[in-house]
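Structure record follows, encoded as structure tokens.
The values are calculated or read from the model by the stated rules, or taken from the named source; none is laboratory data. Bear in mind the structure is a predicted one, so any value in this text is a computation, not a measurement. For neighbour counting, all protein chains shown are included, and Cβ atoms are generated from backbone atoms with ideal geometry for every residue, glycine included. Calculation scope for accessible area: heavy atoms of the full protein, side chains included, ligands and nucleic acids excluded. Shrake-Rupley method; radii C 1.70, N 1.55, O 1.52, S 1.80 Å.
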Amino acid sequence: MRHIISVLMENESGALSRVAGLFSARGYNIESLTVAPTEDPTLSRMTLVTTGSEEIIEQITKQLNKLIDVVKLADITGGEHIERELMLIKVRAEDANQREEVKRMTDIFRGRVIDVKDSTFTIELTGDGAKLDAFIEAVDKKSILETVRSGATGIGRGGKCLHI
Amino acid sequence: MKLSGAEIFVQFLKDEGVKHVFGYPGGAVLHIYDALFQQEDVKHILVRHEQGGVHAADGYARSTGKPGVALVTSGPGATNAITGIATAYLDSIPLVVITGQVVSAFIGSDAFQEVDSVGISRPCVKHNFLVKDVKDLAMTLKKAFYVATTGRPGPVVVDIPKDTTDPGIKIDYEYPKEVRMRSYNPTVKGHPGQIKRAIDIITSAKRPMIYTGGGVVLSNAGDELTAFTKTLGYPITNTLMGLGAYPGTDRQFVGMLGMHGTYEANMAMHECDVLIAIGARFDDRVTGDTKQFCPKATIIHIDIDPASISKTVRVDIPIVGDIKTVMSDMNKELKAGKQKPDARALDSWWKQIEMWRSKDCLRYDRNSALIKPQFVIEKLYEVTKGDAFVTSDVGQHQMFAAQFYKFDKPRRWINSGGLGTMGFGLPAALGVKMAHPDHDVACVTGEASIQMCIQELSMALQYNLPVKVVNLNNRYMGMVRQWQEFFYDRRYSQSYMETLPDFVKLAEAYGHVGMRIEKPADVEGALKEAFAMKDRLVFLDFITDQTENVYPMIAAGKGHHEMHMSPERELA
Ligand SMILES: Cc1cc2nc3c(=O)[nH]c(=O)nc-3n(C[C@H](O)[C@H](O)[C@H](O)COP(=O)(O)OP(=O)(O)OC[C@H]3O[C@@H](n4cnc5c(N)ncnc54)[C@H](O)[C@@H]3O)c2cc1C
Ligand SMILES: Cc1ncc(C[n+]2csc(CCOP(=O)(O)OP(=O)(O)O)c2C)c(N)n1
Ligand SMILES: [Mg+2]
């Protein structure tokens with residue numbers, strides 16, 4: 001099963017490599033990993049997407065908790081939550097037809113064109129992973145020049161908070 | 001008080017109560033060595049190889065319960081220390097290892113003797129730190145000792161760039177008495193509800209079994225465990241790491257369990273209906289095939305590390321907490337005495353166990369014309385009245401020591417169980433002797449293992465550490481040979497020790513006493529003579545039977561009920 005694990009950790013150099021090292025040393029899957037400081041600059045928040053049996057996920061959360069730099073964590077997949085990922089995608093947009101088509105697609109997916117050049121458009125799109133996949137499917141494969149995805153971030157709905 | 005980083009380091013050790021540091025100098029730690037030179041409170045012990053230094057600090061820690069401290073230089077000093085650090089990590093031993101580092105401005109430039117010590121040690125430490133600013137030094141050291149010694153203990157590395165200890169930069173120093181870390185708060189007290197549930201199950205068992213490990217030793221909970229076991233009257237087994245936490249000579253003790261455990265311990269594991277696991281981590285040497293592990297049992301597990309619980313074997317009642325605290329809570333519940341064990345069921349369970357015990361699974365040929373390794377350990381036990389500190393290396397001799405020396409006290413049996421590090425025994429024994437100068441200390445070793453850290457015979461002379469080296473010399477990497485005999489059709493690939501040194505002369509070359517013993521009749525006399533030489537290190541080279549194997553044995557991946565017994569046993 002796919003799990004999203006949110007981790008609050010000390011914003012210290014080396015903290016990220018402890019997590020990455022843990023996953024490689026113990027052979028856990030890692031689908032994506034995002035990290036940035038929170039409103040409290042001494043804390044970083046990491047979102048990890050991983051897959052595994054219930055036993056493995058249990059070990060992953062225990063082993064993460066055991067890292068001295070980890071302050072708190074939650075497997076947000078357990079409860080109601082929101083998941084978002086950011087994608088920037090650069091597509092070929094040469095003639096008027098192409099440009100119109102890309103623009104239309106972007107609107108349907110509630111994306112935004114954030115850079116316009118003679119022959120390219122760059123689009124910003126957020127959503128869950130499936131939505132981003134769907135967009136990639138929907139545009140003409142040959143026109144895609146570059147994509148970059150942030151990996152998933154997530155947050156629990158309502159009163160459920162991960163803070164210290 | 002205004003001090004340089006190097007002076008802060010030394011002053012901090014004093015304030016923290018550290019008496020001994022095992023180390024080896026080099027460029028990156030020269031400022032520290034200069035500060036050590038100018039004081040007398042912290043004694044520095046010069047080892048002969050950094051691996052030996054960390055093992056010595058480790059033996060010191062295992063025998064005292066206090067953190068061991070090692071100091072090494074950058075680059076090769078740090079890499080040499082890694083085997084020692086990993087050894088401590090796998091057995092959860094509290095160590096603080098200080099590695100020198102190149103000047104901060106040079107970090108990352110492939111500078112002379114630069115390695116990424118934090119990166120290299122990361123997978124085998126509980127935690128590590130890099131201290132780039134002298135202002136952070138005292139607090140970081142405090143955190144290092146705190147993390148190493150609390151919760152599930154473990155080694156902590158503190159990497160200190162040379163400029164952090166610069167004698168030209170002095171700052172105010174005050175000993176940080178306390179430390180708090182928001183990200184690190186080990187659970188000490190067990191959940192009362194879980195404890196109650198556990199007591200219900202424990203007291204209603206028909207075929208109970210207590211299985212305890214190194215955690216009881218680490219938690220200094222031998223007394224609590226003994227009270228618990230005595231009150232209940234249940235059988236108890238220890239892992240290799242847990243020996244001595246319950247008296248090995250007591251009737252309720254059924255011996256070690258696992259791959260080379262006793263028949264009675266392993267059979268009782270297989271047949272029990274309630275398993276009470278305490279500070280043990282269900283290692284594969286213990287469980288064998290996890291699918292066949294304790295197939296009939298409800299499992300209770302007490303451990304301070306949640307990650308140890310249900311890691312390899314699913315547990316029914318987990319209790320997270322420190323054993324000493326949890327066991328005294330349990331003992332209170334038992335004393336209150338609402339629930340009592342089922343005396344009749346227990347009686348027939350013990351009858352069954354005594355039947356298994358009567359198989360006498362550790363029997364060996366006592367009439368052999370050759371020295372049997374088991375016999376040497378039995379005599380060692382007698383001569384030292386069962387009260388020595390015994391360290392060991394890794395191999396058959398380690399198993400014989402574990403099976404035949406009956407440890408009645410915790411912290412007396414000191415060996416590398418998790419990593420299985422050959423070379424551990426001698427330096428560990430020297431660390432033990434440093435901490436317990438008035439006690440007998442024996443290092444049980446093999447002719448292969450001893451050669452991995454033999455250079456520490458030199459340190460032993462310098463600091464007058466008269467341990468007794470009991471070399472069970474079978475001219476084979478016996479444990480390897482045994483596997484080749486059983487599983488590789490006797491193809492003894494590279495397991496014969498060619499061109500062995502003359503250990504007697506070698507011991508003498510290092511300034512010690514050497515003895516070679518070739519006949520069973522001479523074993524006891526030699527041991528007595530050696531232990532009578534209180535102020536000399538004696539190297540006893542016992543020429544033992546080359547063909548002896550360790551029994552019983554459960555082949556890797558088999559169940560507890562599928563034991564190989566010794567040929568003597570099968571004949572009987
Ligand atoms: C050649 C060889 C053969 C071996 N054969 C055997 C064998 O036949 N049988 C055998 O048993 N072993 C054997 N071993 C050793 C084996 O590899 C393991 O090292 C050993 O079984 C682990 O012991 P343990 O379960 O007691 O765990 P330890 O490694 O001692 O772990 C201690 C546990 O206690 C917990 N703990 C620590 N402190 C506390 C505290 N204060 N409160 C609560 N919990 C705490 C820890 O979290 C951990 O889970 C062999 C090793 C070698 C090298
Ligand atoms: C550093 C290291 N290398 C290799 C091994 C694998 N190994 C385990 S036991 C053993 C043989 C030990 O021989 P010896 O010290 O003579 O002990 P014996 O088994 O003969 O009693 C070896 C090579 C190990 N445990 N540690
Ligand atoms: Mg040998």
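Data table
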{"quantity": "Unique residue being small (Gly, Ala, Ser) and more than 13 Å from every other protein chain (Cβ to nearest Cβ) when the list is A:Ala36, A:Ala25", "calculated": "A:Ala36"}
{"quantity": "Qualifying residues in segment B:276-300 (those that are under 21 Å from the mean Cα position of the chain (by Cα) and within 14 Å of chain A (Cβ to nearest Cβ)) - the one nearest to B:Ser219 (Cα to Cα)", "calculated": "B:Arg281"}
{"quantity": "Segments classed as helices (runs of 4 or more DSSP H), wholly inside segment B:444-540, with at least 1 members that are more than 16 Å from ligand 3 (Cβ to nearest atom) and surrounded by 15 or more Cβ atoms within 10 Å (Cβ to Cβ)", "calculated": "B:456-462, B:503-509, B:520-532"}
{"quantity": "Members of segment B:359-398 found to be within 14 Å of ligand 2 (Cβ to nearest atom), touching an Asp or Glu at 6+ places or on another chain (Cβ under 7 Å) and part of a loop (DSSP other than H, G, I, E, B), listed by number", "calculated": "B:Lys372"}
{"quantity": "Qualifying position, being part of a helix (DSSP H, G or I) and within 16 Å of ligand 1 (Cβ to nearest atom), among B:Ala428, B:Ala345", "calculated": "B:Ala428"}
{"quantity": "Scan of segment B:128-172 for residues that are farther than 21 Å from B:Lys14 by Cα and within 15 Å of ligand 1 (Cβ to nearest atom), ordered by number", "calculated": "B:Gly151, B:Arg152, B:Pro153, B:Gly154"}
{"quantity": "Candidate set from segment B:411-420 (those that are out of contact with any helix residue (DSSP H, G or I) (no Cβ under 6 Å at 6 or more places or on another chain) and away from ligand 3 (no atom under 16 Å from the Cβ)); member that is farthest from the other protein chains (Cβ to nearest Cβ)", "calculated": "B:Arg412"}
{"quantity": "The one condition in (1) open to solvent by less than 30 Å² (accessible area, probe 1.4 Å); (2) touching a Ser or Thr at 6+ places or on another chain (Cβ under 7 Å); (3) within 16 Å of ligand 2 (Cβ to nearest atom) that B:Val432 fails to fulfil", "calculated": "(3)"}
{"quantity": "Among the candidates B:Asp159, B:Asp136, B:Asp116, B:Asp172, residue that is within 11 Å of chain A (Cβ to nearest Cβ), open to solvent by 70 Å² or more (accessible area, probe 1.4 Å), away from ligand 3 (no atom under 16 Å from the Cβ) and acidic (Asp, Glu)", "calculated": "B:Asp116"}
{"quantity": "Residue list for segment B:358-410, restricted to those being open to solvent by less than 30 Å² (accessible area, probe 1.4 Å), within 16 Å of ligand 3 (Cβ to nearest atom) and among the β-branched types (Val, Ile, Thr)", "calculated": "B:Ile371, B:Val376, B:Ile377"}
{"quantity": "Pair list, Cβ under 9 Å, 6 or more apart: segment A:149-164 residue within 14 Å of chain B (Cβ to nearest Cβ), other residue open to solvent by 70 Å² or more (accessible area, probe 1.4 Å) and in a loop (DSSP other than H, G, I, E, B)", "calculated": "A:Ile164/B:Arg182"}
{"quantity": "Count - residues of segment B:401-428 that are on the phi < 0 side of the Ramachandran plot and away from ligand 2 (no atom under 15 Å from the Cβ)", "calculated": "8"}
{"quantity": "Strands (runs of 3 or more DSSP E) enclosed by segment B:162-277 - at least 2 residues per element that are under 30 Å from A:Ala15 (Cβ atoms) and at pLDDT 95 or above", "calculated": "B:170-172"}
{"quantity": "Long-range neighbours under 9 Å by Cβ, at least six apart or interchain, first residue farther than 15 Å from B:His127 by Cβ and within 12 Å of chain A (Cβ to nearest Cβ) within segment B:178-191, second in a loop (DSSP other than H, G, I, E, B) and at pLDDT 95 or above", "calculated": "B:Thr187/B:Gly151; B:Thr187/B:Ile304; B:Thr187/B:Gly321; B:Thr187/B:Asp322"}
{"quantity": "Residue within segment B:528-545 that is polar (S, T, N, Q) and away from ligand 1 (no atom under 16 Å from the Cβ) present", "calculated": "yes"}
{"quantity": "Residue within segment B:456-475 that is touching a residue at least 60 places away in the same chain (Cβ under 8 Å), more than 14 Å from chain A (Cβ to nearest Cβ) and within 16 Å of ligand 1 (Cβ to nearest atom) present", "calculated": "yes"}
{"quantity": "Members of segment A:30-71 found to be out of contact with any helix residue (DSSP H, G or I) (no Cβ under 8 Å at 6 or more places or on another chain), surrounded by fewer than 18 Cβ atoms within 10 Å (Cβ to Cβ) and either within 13 Å of A:Arg2 (Cβ to Cβ) or not assigned by TED's automatic domain parsing to the domain that holds A:Val7 (or both), listed by number", "calculated": "A:Glu31, A:Ser32, A:Thr51, A:Ser53, A:Glu54, A:Ile56"}
{"quantity": "Some residue of segment A:58-74 being over 26 Å from A:Glu12 (Cβ atoms), within 14 Å of another protein chain (Cβ to nearest Cβ) and more than 18 Å from the chain's Cα centre (by Cα)", "calculated": "yes"}
{"quantity": "Boolean, B:Ala509 is at negative phi, of a type in the set (Gly, Ala, Ser) and more than 13 Å from ligand 2 (Cβ to nearest atom)", "calculated": "yes"}
{"quantity": "Odd one out for B:Glu333 among (1) charged (D, E, K, R); (2) closer than 30 Å to A:Asn65 by Cβ; (3) more than 14 Å from chain A (Cβ to nearest Cβ); (4) assigned to a loop (DSSP other than H, G, I, E, B)", "calculated": "(4)"}
{"quantity": "Every residue from segment B:124-133 that is part of a loop (DSSP other than H, G, I, E, B), open to solvent by 20 Å² or more (accessible area, probe 1.4 Å) and either closer than 18 Å to B:Tyr89 by Cβ or away from chain A (no Cβ under 11 Å) (or both)", "calculated": "B:Lys126, B:Asp133"}
{"quantity": "Search result, residues across segment A:72-91 that are open to solvent by 80 Å² or more (accessible area, probe 1.4 Å) and over 29 Å from B:Asp303 (Cα atoms)", "calculated": "A:Glu80, A:Arg84"}
{"quantity": "Selection from segment B:301-326 of residues that are among the aliphatic types (A, V, I, L, M), away from every other protein chain (no Cβ under 13 Å) and over 22 Å from the mean Cα position of the chain (by Cα)", "calculated": "B:Ile317, B:Ile319, B:Val326"}
